[in-house]
2 protein chains.
Amino acid sequence: MPESQEKNDVVIVGAGPVGLLLAVCLARWGYKIKNVDNREVPTLTGRADGIQPRSLHLLRNMGLKRQIMAHEPAKVYEVAFWDPLSGGKGIQRTGNWASCPKFIDARYPFTTLLHQGLIERVFIDDLHKNGADVQRPWTITGFKNDGQDKTYPVEVNLKHVQTDEKETVRTKYLFSGEGARSFIRDQVGVKILHKDPISHVWGVMDGVVRTDFPDVKMKCTIHSDHGSIMIIPRENDMVRLYIQIASSTDKDFNPRKQATLDEVQASAKKILEPYYIEWDRVEWYSVYPIGQGIAEKYTTDHRVFMGGDCCHTHSPKAGQGMNTAFHDALNLAWKIHHVEAGFANRSILQTYEAERKLIAEDLLIFDAKYAALFSQRKPSAGEVGAAAESKEGEVNEFVEIFKSSAEFTSGYGIAYGSNEFNWSPDHSAQSHLFNPQGNVLRTGRIMPPANVTRVVDANEVQLEQEIPLNGSFRIFLFAGVPSTTQRAVADFAANLQKKWSFYLTFQRKDIASVSYHEQHNPHSHFFTICTTFAAPRAQLEITSLLPPILARYSNHVYADDVWDPRVPDAKAAAHAKMGLDAERGGVVVVRPDGHVACVVSLVEGSETVDALNEYFEAFVAKGIGKSSMQAQL
Amino acid sequence: MPESQEKNDVVIVGAGPVGLLLAVCLARWGYKIKNVDNREVPTLTGRADGIQPRSLHLLRNMGLKRQIMAHEPAKVYEVAFWDPLSGGKGIQRTGNWASCPKFIDARYPFTTLLHQGLIERVFIDDLHKNGADVQRPWTITGFKNDGQDKTYPVEVNLKHVQTDEKETVRTKYLFSGEGARSFIRDQVGVKILHKDPISHVWGVMDGVVRTDFPDVKMKCTIHSDHGSIMIIPRENDMVRLYIQIASSTDKDFNPRKQATLDEVQASAKKILEPYYIEWDRVEWYSVYPIGQGIAEKYTTDHRVFMGGDCCHTHSPKAGQGMNTAFHDALNLAWKIHHVEAGFANRSILQTYEAERKLIAEDLLIFDAKYAALFSQRKPSAGEVGAAAESKEGEVNEFVEIFKSSAEFTSGYGIAYGSNEFNWSPDHSAQSHLFNPQGNVLRTGRIMPPANVTRVVDANEVQLEQEIPLNGSFRIFLFAGVPSTTQRAVADFAANLQKKWSFYLTFQRKDIASVSYHEQHNPHSHFFTICTTFAAPRAQLEITSLLPPILARYSNHVYADDVWDPRVPDAKAAAHAKMGLDAERGGVVVVRPDGHVACVVSLVEGSETVDALNEYFEAFVAKGIGKSSMQAQL
C-alpha cells in the first residue's frame, strides 16, 4: 500500500439521486468524498422526475427547495382516473383523488415533477459550494476491504471510461449508487431477489404535446379498450406518457418486446379517443422491461454499502424510485457521520439495511398491486364507470389501492421499526418518563409540521424546518407555560451540565472559539436544541426565562402562538400536535433525518435528562448517563 | 443627424432601483433600452435595503421574488418601540406593533431587508436574460429633444467616465434615474421644492454586532436620554443602525456636521444602555444631511422623464425610498409600452406625473411627521413608558403615527386618483353597469389577493399573481355560478368578437402563428383574460362551459373554491373579496401594474362588453366601441 495513495472518507460510485444526496450531506458535514460517475455529464433526458411531498420537505430542510422550484416544475395535486365508456365510445373520467390527501399533514401536498438531470444539477452546484465535485467519466474496476490501513480499510480501483487513466485510492467507506446494474453488488455477491414474478415492458415518452384531453396537466391513469396509459405533466409544457407494451401475463410475453416511437404514439392516440393528441416534439423515448427486485443485503461488511436502484427495482408508476433513493442516502449519511465523528458505536451502521430494506419491501408489495392493476385490461368496457357511479361507493380496486397507499407514496408513511434509535418499550432506556400520556408521536416516523413564532425576530416559521439538515439530533424542548415549567426548565439545564450527561460528553472541542453567530451547534455537533413555550411571543424574554445554556440557542426559541386548522381548539397548536400537555410540555428527540426518536416528559429534578442520557446511551460511543457514573464511582 | 446614429426606444440614466426596474420591464416587453450608470459596478455597500410588502408582491409578479429570497434576507414582522426608563436607568421596551398589521390584506406581511446591491444584481441578471445590460461607467453629458427624427426625437450625449470615449445616440424617451443629484433635472430646469423646513443629519452604519439587546433582529426605534437610534436587521447577521447626529431644530444646527465612526459607536453604546453592543466589523458608515424635497415636475415634454430619488428625497426611516422608486418605474413602464405598442393615446403619459407625484407628496407628509417625532428628545424620561402602560390606551404619538401609517408604508395604501384609467362617476364611460352594487374594490388601488384553484391542474394559486407582469390589462371575468351565467358568459364572448370591440381592435397581427402553448397573450398583448367560476373545481369542464375564445386561456380558468379566513362564511371567497355576487359574478379590469381600473356587472346581452369598450375608449389610440361604430355608420 503506497503511502501516497489518496485517502477518502467515502468513495461514491454513481452520481444519480442516491449518490449525489449522500455526497452532498457528507461534503457539507466536512467529509472528504470522491464521487465518480461513468457518464460524461448529468442526465440529459428521461429517467426519474417525481419528487414526493416528503422528499420536497427534505430538500427544503437541505436549503435546496428554492433551487428546485426555480425550474418551475409541474405540481400534481390530483390524480384523475379514466376508464372506458360502454359501447367502445372511448374514455371517460371516473374520479379524481388528491395525490396527497388532507389526512396527511404535509407541508407540500403535491408531487413535484422535474427532470432528473435538473435535480442532479442542484446537488452538483451544492457540492461545488463545499469544494467537492463529480469525477466523470470514471468507473470502478475493482475494490477490496483488505484492512491494510485501519482507518481507510477499503482499496478502490478507478478508471477513466475512455482513456487508460487509472487511480487506486483508499477509503473508509465505498458506496454503490450505480443503479440496477451494479458492479459493486455483483462483486460482493449480493443477489437480487425477484419478489413479484410478473414483469412488464414499458414504453416511456417525454415530449411536448397538443391535445384537447382536458387532464393533460394532471397525473392520469387511463384504462381503455385499447390499452392503458399513464400521463405525468412536467416542467416546460412537457408531458410524460407511460404505455404498457407487454406483460408477463400476456400469452406470448416477450421481455425483449420492442415498439417503435410511431407505434407507441399510434397506440396513445387510440387509447385517448375521442380526444386527439399530437406531438410538437419528443425529447426522449425508451422501451424497457421492468421486473421487481430487491437486494438480499445492502452491505456485507459495513464498509461497502449499496442503495437506490442498486437495491430495489420496480415499476415507475408510483414515482417512488428517486424518492426511495433519497431516503436511502439520507439514512446512511447521518449514520456514517455519527460513527466517524466519534458520537456513535460502529454497530449503528447495521440499522441502515434493517431500516431501509423494510421500506423497499413495503414499496415492492405496494408496487406489485399497483402495477398489476394498472396493466390489467378490463373484461368489459364501461363496467368501471358504472361501478364508480354506483351509490354503494367506490368499488374500483385500482382507486382503492391508490387511496390507501397515499400515505406511503407521499413519503409520510415511512415508519422505521423499533431499534436503538426508535424508542419502544423494548429499548434499553427504561425510564418511566418515556412515551408520556397523551403522546401521539410514533417513533420512527416523521415529526409532524407545526408553525410557531420565532421569538427574536417575530417571524412565523416552520418548527420542524428550523434545524437544517446538519447531521445533529434535534432536541425539541416543549416548555409549556413558563410559570409552570420554570423549575423543570432550570433543572433540565442544570442536569445537562452534569458530568456524565450527553450534553457535556459530546461538547465541541473548539467550544471556546465558536463564533458568537453560530446558532445551530454552539455546544456540540451531536445535537441542536430548540425551545418552544406555550405562550404569546410578546410575553417571552429569552434571557429571563432560559438558563444560559438554553438561551445560547437564541434563534431557536419559539412561541407556540400560531393557530393551526388541524387543532383549531388548541391553546398551543404545536404542543397539541405533538400530543404534549400545553401546560407542562415535554421533550421530543428527533433523529438527524427528521424521524421521531423518543418523547420524554418534562419534570422537575434530574429525571428528564436522565431519560435522555439513557436513550443516547443505547448507541453512543462514549459512556454517558447514570450507569457510566455508577461504573466510575 | 447622422443616419448611422444608434437608435433606442428608451435611454435610462442610472442603474439604481428605479432605472433597473424600468429597464427590466421594457427589455422584457421587447423594447431596445440603453441603461448607463456612472459607477463601475453595482452598489457594493450601503444605500437602501427595505423591500416593503407590496413591493415584494410586485417582485413576485415579475418572477424575481425567489432570487431575492435566495439571499436569505431578514424579514421584519414587528417593530419594537423602546423609550427611556425613569431615573436614567436606561431604556425599556414600551410596545411592539406588526410592521404590516392584519388589517392589511398582504400576501407577505413583512418587510424584506436586503442590501441594495444584491437587489440590483437580480435585476441585472434579468436584463442579461433579455439581451440587455448596463453600460458602465458611462455618464450623460447632454441631450436635446430636437425632434429631428420624428420617431426618435431626443438626442443624448454620453461619455465614458474615465476615458474620452463618447457616444451620441437617439431615443424615443430619456429617463433620469440618477438619484438626488440629477444632471437631467438640472438641465430641464425642474426645481426641487423643499416641503419640510426641518432637515437632519444622519449617521448610518451597517455591520455585524454582538449584543445582548434582545430586539436586535427586529426593527426598533429607540429613544433614550442620550439620543435616538433606529435598528434594522439585515441579511448575514448584519444590522443597520441609524443615528441622528443633528437636526435643524437644534440651536447650533450645522447641516455639514460630521461624526466619526468611533463617535457614533460610542453614542450607540450610550443609547442602548443597560445593554452592551460591540462590532465584529463595520461594512459601511456614512453621515449625510437629509432634507425633504420634491421635484415640481416629473417631465416637461413627455419625452424626458424622471423618477425615484431624482424626484423625491426624504428621511430613510420608513424604508420607502426604493419602494417609491420601484412604483415610479412600474407606472411609467407600462404607459410607455401602451403608447409605443399603438394601444393608447400619447396623452396617457401625463398620468405618470399626476399619479406618482401625489404619492410622493403623501410620502413627504408622512415622513415629516415620522422623522420629526423620531428626532424629538423626550422632555422627561419614562413618561412614554408610563403612558403606554396606562389603561386609557396608547397615547404615544410616535406609535400612533406608526400604526396609522402602516397601510401607507406597506405599499398597499397607494391610491391613484380618478382619471381615464381609474374609473369614477366622472369617467367618460357612463354605462350603468360600472361599480355594481356591493362592489368593495376601489379603483386606483391594488386588487386584493385571493386564492383559487386552477382548473387544468388543480393547483391552488394566487389569483392576483396568475398574470405575470406582462404589460397587459388584466380582465378578470368572475363568472359566478355556471348554470346562472351561462348565457351572460356566452354573450360576453360573442360581443368581444364584434367588429368594434377592444378585443378585435387590438388583436395580435401574428395571431395565426401564435404558439399553442402561449397562455397569457394568445389573442392580444393589450389584455389577458382570467375566468373564475364560483363552483368546485371538479364540476368545471372548460370546453363545455366556455366559448372558444375564453377557453383558449385554459391555464387562466379557476374555481373559486378555496376557503379564506378573511371571508370565512363566503361561498366563493374570491367573489366575496371583490364584492361581487357569488351567483352572478362581474368583471374586474385591472391595470397592468395591478391597480383596479374598473368593475362592471356581468349581464346577458351586449352591455358588459359595451361598458368595457366605453372604458377603454377613454384612452386607446384606435376607435372602438359604440361611438366608433356609429361614426362608421
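The values are calculated or read from the model by the stated rules, or taken from the named source; none is laboratory data. Keep in mind it's a predicted model, so treat the numbers as computed, not measured. So basically every Cβ, Gly included, is an ideal-geometry build from the backbone, and we count neighbours across all protein chains shown. In case anyone asks, the SASA skips ligands and DNA or RNA and just uses the protein heavy atoms, side chains included. Shrake-Rupley method; radii C 1.70, N 1.55, O 1.52, S 1.80 Å.
Couple of notes before you dig in:
- In summary, the convex hull built on the alpha carbon positions of region B:11-54 has an orientation-averaged projected area of 3.9 nm².
- The phi-based Karplus calculation (6.51 cos²θ - 1.76 cosθ + 1.60; θ = phi - 60°) puts the 3J(HN,Hα) values of region A:87-100 at x, x, 8, x, 10, 9, 6, 10, x, 9, 10, 4, 6, 9 Hz, whole numbers, x for Gly and Pro.
- Accessible surface of the protein assembly as shown [probe 1.4 Å, protein heavy atoms]: carbon and sulfur percent: 48
- Remark: accessible surface ordering of A:285, B:416 (largest first) is A:285, B:416, probe radius 1.4 Å.
- Under 13 Å, Cβ to Cβ, from residue B:626 - net charge with Lys/Arg +1 and Asp/Glu -1: -2
- Peptide-level mean, for A:570-580, of C-beta atoms on other protein chains within 10 Å: 0
- Long-range Cα-Cα pairs in region B:125-202 (distance over 18 Å), rounded percent: 58
- Inter-chain neighbour count for B:211-219: the average number of beta-carbon atoms from partner chains within 10 Å of each residue's beta-carbon is 4.
- With a 10 Å cut-off around each Cβ of A:76-82, the average count of Cβ atoms from other chains is 3.
- Accessible surface of residue B:526 - all protein chains present, 1.4 Å probe, nearest 10 Å²: 0
- Accessible area per residue was computed with a 1.4 Å probe on protein heavy atoms; residue A:54 scores about 20 Å².
- 0 to 90° range, to nearest 10: angle between helix B:350-375 axis and chain B longest Cα axis: 30
- For the pair A and B, total buried accessible area rounded to nearest 100 Å², probe 1.4 Å: 2600
- Positive minus negative residues near residue A:517 (Lys, Arg vs Asp, Glu; Cβ under 11 Å): -2
- The protein assembly as shown - Debye-derived log10 I(q)/I(0), Cα point model, q = 0.06 Å⁻¹: -0.60
- In the assembled protein chains, residue B:47 presents an accessible area of approximately 130 Å² (probe radius 1.4 Å).
- Per residue accessible area of the protein assembly as shown, 1.4 Å probe, in Å²: 38
- Relative to the longest principal axis of the Cα atoms of chain A, helix A:482-496 runs at roughly 80 degrees.
- Nearest-to-axis residue of chain A, judged by beta-carbon position, where the axis maps A onto B, in Å: A:66, 3
- Size estimate for region B:451-632 follows the Kirkwood approach: the inverse of mean 1/r over distinct Cα pairs works out to 16.5 Å.
- Cα-based helix-to-principal-axis angle, B:607-617 vs chain B, degrees rounded to 10: 60
- Calculated FRET efficiency for the pair residue A:187/residue A:509, C-beta based, R₀ 51 Å, to 0.05: 0.85
- The share of C-alpha pairs in region A:151-302 whose separation exceeds 19 Å stands at 66 percent.
- When each of B:75/B:172; B:89/B:219; A:75/B:499; A:102/A:269; A:7/A:297 is checked by Cα-Cα distance, pairs over 29 Å: B:75/B:172; A:75/B:499; A:102/A:269
- Residues A:477, B:85, sorted by accessible area with the largest first, give B:85, A:477 [1.4 Å probe; ligands and nucleic acids excluded].
- At 7 Å out from Cα toward Cβ: residue A:494 inter-copy label distances (nm, ascending): 8.5
- Computed over region B:42-146, the P(r) tail beyond 18 angstrom holds 64 percent of alpha carbon pairs.
- Charge sum, other residues only, whose C-beta stays under 9 Å from residue A:113's C-beta, Lys/Arg counted +1 and Asp/Glu -1: +2
- Centroid-to-centroid separation of region A:61-121 and region B:206-269 [C-alpha atoms, Å]: 51
- Cβ-derived FRET efficiency at R0 25 Å, residue A:130 paired with residue A:161, nearest 0.05: 0.50
- Along principal axes, Cα extents of chain A, largest first, whole Å: 80, 69, 41
- Here region A:451-632 is treated with +1 on each Lys and Arg Cβ and -1 on each Asp and Glu Cβ, and its dipole about the Cα centre works out to around 480 debye.
- Residues in region A:10-17 carry Karplus couplings, in order, of 9, 9, 10, 9, x, 10, x, x Hz; the curve used is 6.51 cos²θ - 1.76 cosθ + 1.60 with θ = phi - 60°, and Gly or Pro positions show x.
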